[in-house]
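First the structure, in the form of structure tokens, and then the observations on it.
The values are calculated or read from the model by the stated rules, or taken from the named source; none is laboratory data. All of these numbers come straight from a predicted model, not from anything done at the bench. As a convention, Cβ positions derive from the backbone with ideal geometry for all residues, glycine included, and neighbour counts pool all protein chains shown. We work out accessible area using only protein heavy atoms, side chains counted, and drop any ligands, DNA or RNA first. Shrake-Rupley method; radii C 1.70, N 1.55, O 1.52, S 1.80 Å.
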Amino acid sequence: MLKLTYTFLLIGSAAFGQSISGLVNDPQGAAIPAAVVTLTARDNTAVASAVTDSTGRYRFDHVFPDEYLLEASAQGFDRSGARLVSIQKSDQANVDFDLRVAAIESSVLVTASSTAQTTDELSKAVSVVDAAAIDASDESSITDALRYVPGLRIAQLGGPGALVSIKTWGSRSEDTAVLIDGFRVRDASAERGDATSLLQDLMVTDLDRIEVMRGAGSSLYGTNAVSGVVNVITASGGGRTRGSLLAEGGSLDMFRGRAEVAGALLSDRLDYSLGLSHLNVLSGVTGNEPARATSVQGRLDYKLSATTHLFGRILAADSFSKVTNPSPQAAGNLPPSGVIDAIPLSASELHRYEAGASISDLNFGGATFIPAADDPDNTLDNRLFSGALRLSVHPAESLDLSASYQGLVTHRRYGDGPAGTGVDLGFQPSGTTLTFFDGDIHTASARMDWRLGRHQLLDAGYEFEYEKYGNHSVNPIPSDNSAVDVSQQSHALFVQDQVSLLGDRLQVAGSYRAQIFSLRQPLLTPVTTSPYTGTTFAAPPTAQTGDGSVAYLFRRSGTKIRAHVGRGYRAPSLYERFGTYFFAGFGYLGDPRLRPERTIGVDGGIDQALWNGRARLSATYFYTRFQEAIGFTSFATDPLGRFSGYFNTNGGLARGVEANASLAPTRSTNLLASYTFTNARESTPVVENILQTFVIPDHQFSLTATQRLGPRVTAVFDLLETSNYLFPLFDNVTFATRAYRFPGRSFAELGGSYRIPMGEYHALRFFAKVSNLFKQSYYESGYRTPGATATGGLQYQF
């Protein structure tokens, strides 16, 4: 048996007659050992990595004929520009790299068009945050790493483990799709059916980079990609065995650990990477907000033969956190109308409230709201598992075929006991209440990537998706128990055409997607209280979206102009259609008749490269019109008999300007700065006569400065400044919703690291960071966030 296996491997290896090799050098021409060179196929179906040896040489064997993008990176150097390499049968290509310190270069991107492109080829607004930058800033979560990306607003309702959202260009959190290695990740049981309930559990684990596209992307990525896409790219593995061990601790009684390993097996035919992260917070913001999260992520790339490639990926996460309850609420001596300045109740009075004092007994002084209160027995357990497989076949040099499957399972359990505030208002149950939310999404797809000559790439495919939502509530009184079980499936066809003209200076792309839904008869318990009796359940109507973009590059001046228009959609979630609640009685929030949200987005901009690539400037105008949206309100009368729930609205619009700059003024200094102005408005007022969209500040500015002090020391300074914003708070006594003006955020971080080489491939890195340098007492929409904190740790690299 062993002899037969060895013979098979020899035959398989001999079939790969093509190879790519070369050298990676520093600016003085000296070899750079342990540099990582990444090879990405144009259709993004094959990704491999190699590590340079002590002479700076790398090599890829077993390469099938195709077009590839090749790039190199190394500790202490910036990524190289992406090189286009075309491999024919029996080719032995040689590509050398000279890495420059503090240079701003192009890199491989896949999010903008679902195929690999260089910066010069992009016709959309895209940003990349790579693993080296994330480690330099000592970020532990994906959302923390995105905090300073242009056009994004990251809002976390408290400290570690609290709910966090991503808002792109003034849109809502459900309008940004989240992908991992190009596969959609979302919670079928979440309120909006998006990824928001999972974001706090996405840790920096086995990560290569995060790509962010702003603008409509529904024609490529389906539902939720209305205003943007975040694609998390797992480390590709390959090359020699390498990895790291990290340990960190600090304020909030926090500890974080991470272990990562990558390499290759079976004569470099099997590339692998695997990472494990654990975060444990014992105290949290208030001293009684523990949170913990464990995450495992990894991938395998197996070259089955000269024309067949198998990709596999897993992600598993498990977390626990305390949940504040009730939510922030309007209270105090308030004016009868108009916008209210948000002034929190004092800490001493909040403690009295948490100890059982009623609202009428509190001394508000000038305070205008009660922050989210501590509830000692209100908890959330969250679990996520995602597994994906993709088989790619390369039957001809111009044709790639692939089939993929992803299974995504989510499980959330909320537990609440009788302890806590708001007993007089009915917030606390008489005993222990358990609420379970379970979601399943299974997606299978087939895709063709056909290169029609050197200047045109045609992509087409089919996607099937099965989605299930389950909700089960167990209450102290058994007659109050309820359950919802509903599922739907969809079929989608998509096509994309990308054309390069005029010596690749002109890039034109267009895409189209149609998605058809079908609904299974829902099971609702108790049946006797269902408001849907006699209602005919119908699936959402077919969603059709299109997308077009164009870019032209003036090579002599380094100027690129680009424009993009696209239709977006978001299918109503199963919760929005059939969701329930229990508050002093059982009721329904959903409306089975909801129509999908529809948008149209336009953006255009200019990118300018200067100073031999050491500076890049960019400016973008964006406009998104929500032609039809889904809102939540209270009803005076409702055909379904609901007190409150979801309904279709007229939507609104978000428009503005984004500007950013990347600059390397010296060989050891990098500066990244961005400014976003957003004007977001509703078509119909949500509170009083206010049309301004809630939660979105008009102005946001970010700055990241990285300074290398010799080959061993790196210092990083991050700054985020936002203007004030409006947020609605509900008064649990008067049952009125009021608009509040919350101050903007002024958040700064300063970190540094010291790296000690311990041989050719081994090193020890010490690092530390101070966050919220200005010690701002900040409430995100009424939720208290951490004050000044400090963390530090060490990382062993091998």
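What order do you get for 723-730, 245-252 when each peptide is scored by the mean count of other beta carbon atoms within 10 Å, highest first? Before the final figure, lay out the partial values.
Numbers: 723-730: 19.1, 245-252: 17.2.
Descending mean neighbour count gives 723-730, 245-252.
What number comes out for the charge environment of L310, summing +1 per Lys or Arg and -1 per Asp or Glu over other residues with Cβ under 13 Å away?
Numbers: positive: R269, R299, K303, R313, R390; negative: D271, D301.
Summing Lys/Arg as +1 and Asp/Glu as -1 gives +3.
In the stretch 534-684, how does Rg compare with the Kirkwood Rh, expressed as the Rg/Rh ratio over alpha carbon atoms?
Ratio value, two decimals: 1.18.
What does the extension gain come out to for D504 and S360, with contour length at 0.36 nm per residue minus their alpha carbon separation? Let's see the in-between values first.
On the way: separation 144, 0.36 × 144 = 51.84 nm, distance 7.01 nm.
Residue separation times 0.36 nm, minus the Cα-Cα distance, leaves 44.8 nm.
Within straight cross-link reach of K303, meaning Cα distance under 13 Å, which aspartates and glutamates are found once same-chain residues fewer than 8 apart are removed?
By straight Cα distance, K303 reaches D61, D268, D271.
Sketch the reach of a paramagnetic label on Y621 as a point 7 Å from Cα along Cα-to-Cβ, and name the residues of the stretch 658-675 whose backbone nitrogen lies under 20 Å away.
658-661, 675
Using the Cβ atoms and a cut-off under 14 Å, what net charge is assigned to the surroundings of G366, where Lys and Arg are +1 and Asp and Glu are -1?
Details: positive: none; negative: D341, E349.
Computed value for this residue: -2.
If you take every DSSP beta bridge fully contained in the chain, what fraction is antiparallel? Give it as a percent rounded to 5. Intermediate results must be reported in sequence, preceding the final value.
Details: 336 of 350 bridges.
The answer is about 95 percent antiparallel.
With a 1.4 Å probe and every protein chain left in place, tell me how much accessible area L764 has, in Å² to the nearest 10.
40
Kindly state, to the nearest 0.05, the FRET efficiency for A705 paired with S346, given R0 = 30 Å and r defined as their beta-carbon distance. Before the final figure, lay out each step's value.
Working: r = 37 Å, r/R0 = 1.23.
E(calc), rounded to 0.05, equals 0.20.
How much length would be gained if the chain were fully extended between T633 and L84, taking 0.36 nm per residue of separation minus their Cα-Cα distance, in nm to one decimal? Numbers along the way, then the final one.
Details: separation 549, 0.36 × 549 = 197.64 nm, distance 5.31 nm.
Result: 192.3 nm gained on full extension.
For an R0 of 51 angstrom, estimate the FRET efficiency from the Cβ-Cβ distance between L304 and L691 and round to the nearest 0.05.
Details: r = 58 Å, r/R0 = 1.13.
Given R0 = 51 Å and the Cβ-Cβ separation, E is 0.35.
Could you sort H472, H278 by accessible area so the largest value comes first, with the probe set to 1.4 Å? Display every interim value, and only then the final one.
Numbers: H472 85, H278 60 Å².
So, going from the largest accessible area down, we get H472, H278.
How much of the accessible area of the chain, probe 1.4 Å, is carbon plus sulfur, in whole percent?
Values: 18510 of 30760 Å².
Accessible surface attributable to carbon and sulfur in the chain totals 60 percent.
Per-residue accessible area for E349 at 1.4 Å probe radius, Å² rounded to 10?
For E349, the solvent-accessible surface is approximately 20 Å².
How large is the charge dipole for the chain, taken about the Cα centre, if only the Cβ atoms of Lys, Arg (+1) and Asp, Glu (-1) carry charge, to the nearest 20 debye?
Values: 67 positive and 78 negative charges, 291 e Å.
So the magnitude is around 1400 debye.
For the charge dipole of the chain, defined by +1 on Lys and Arg C-beta atoms and -1 on Asp and Glu C-beta atoms about the Cα centroid, which residue among Q797, F632, S402 has the Cα displaced farthest towards the positive pole?
S402
Mind listing the Cα extents of the chain along all three principal axes, in Å, largest one first?
79, 59, 58
Just subtract the alpha-carbon distance of A736 and H762 from 0.36 nm times their residue separation and send over the number in nm, one decimal. Mind showing how you got there, number by number?
Working: separation 26, 0.36 × 26 = 9.36 nm, distance 6.16 nm.
Contour length minus the Cα-Cα distance gives 3.2 nm.
Within 12 Å, Cβ to Cβ, of S267, how many net charges do the neighbouring residues add up to if Lys/Arg are +1 and Asp/Glu are -1?
Details: positive: R269, K303; negative: D61, D268, D271.
Combined, the nearby Lys, Arg, Asp and Glu give -1.
Whenever you get a sec, line up M254, M448 from highest to lowest accessible area (probe 1.4 Å, protein heavy atoms).
The ordering from most to least exposed comes out as M448, M254.
Order the following by accessible area, largest value first: R186, R595, R240. Probe radius 1.4 Å; ligands, DNA and RNA are ignored.
Numbers: R186 20, R595 115, R240 65 Å².
Ranked list, largest accessible area first: R595, R240, R186.
How much accessible surface area, in Å² rounded to 10, belongs to the heavy atoms of K775 with a 1.4 Å probe?
150
Calculate for the chain the 222 nm mean residue ellipticity that helices alone would give, adding -39,500 (n - 2.57) per DSSP H run of length 4 or more and normalising by residue count, nearest 500 deg cm²/dmol.
On the way: 6 runs with 41 residues, N = 798.
After summing the helix terms and dividing by the residues of the chain, the value is -1500 deg cm²/dmol.
Quick one: if you stick a label point 7 Å off each Cα along the C-beta vector at S683 and T669, how many nm between them?
With each label point 7 Å from Cα toward Cβ, the separation is 5.0 nm.
Cross-link list K167/K468; K124/K775; K124/K769; K167/K322: which exceed 29 angstrom alpha carbon to alpha carbon? Mind dumping the intermediate values first?
Numbers: K167/K468 26 Å; K124/K775 37 Å; K124/K769 34 Å; K167/K322 24 Å.
In this structure, K124/K775; K124/K769 lie more than 29 Å apart at Cα.
Estimate the FRET efficiency between W450 and V474 by the formula 1/(1 + (r/R0)^6), using the beta-carbon distance for r and 51 Å for R0, to the nearest 0.05.
Details: r = 53 Å, r/R0 = 1.05.
That gives a FRET efficiency of 0.45.
Under the rule of at least 5 residues apart or a separate chain, name every residue whose amide H is placed under 5 Å from the amide H of I340.
A739, Y740, R741
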